[in-house]
């Protein structure tokens, strides 16, 4: 992560252009990198990072954490709720992709129609037919191109 080999990166909300400006909420973001190679965290933190990375628990804290994780995994009610939530997220994600594709196609059709109108070689009805836009939409685009 970030190509620096650190296990820990700390960020604050500061303006890049003027370091005296900040959001004023004194928040700090800490990003842990399980693949770090530097000696920049405590041994306790290193054992936690190693556990998160999939290694066996090595101390009391990571063993307790592992037990809690295993307990949650076995809880059928939570699993069902999690799966239901994941399905809802997936549906929303797919809807977002569909909307994005539709918006992209619509924008492409509008751009094509604008170029045809600017070219001036085709009647507006043919531009509507070729672009997939309605005749009214093509008329609106033509109005947009008219100088005021």
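So how much slack lies between residue 71 and residue 91, counting 0.36 nm per residue of separation and subtracting their Cα-Cα distance, in nm?
Extra length available between residue 71 and residue 91 comes to 4.4 nm.
Quick one: go through the range 61-82 and flag any residue whose amide nitrogen is under 18 Å from the point 7 Å out along the Cα-to-Cβ line of residue 45.
61-62
At a 10 angstrom cut-off on C-beta neighbours, averaged per residue, how do the peptides 102-109, 71-78 rank from highest to lowest?
Most protected by this proxy first, the peptides run 102-109, 71-78.
In percent, how large is the relative contact order of the chain, given Cα pairs closer than 8 Å and 6 or more residues apart?
Once normalised by length, the contact order is 13 percent.
Need the full-extension length gain, residue 135 to residue 53, defined as separation in residues times 0.36 nm minus the C-alpha distance. One decimal, nm.
Gain in length upon complete extension: 23.7 nm.
Any read-out appearing in this document is the output of simple, stated calculations on the displayed coordinates, not a laboratory observation. All values derive from a computational prediction rather than experimental measurement. In this analysis, Cβ positions are derived from the backbone assuming ideal geometry, glycine residues included, and neighbour counts consider all displayed protein chains.
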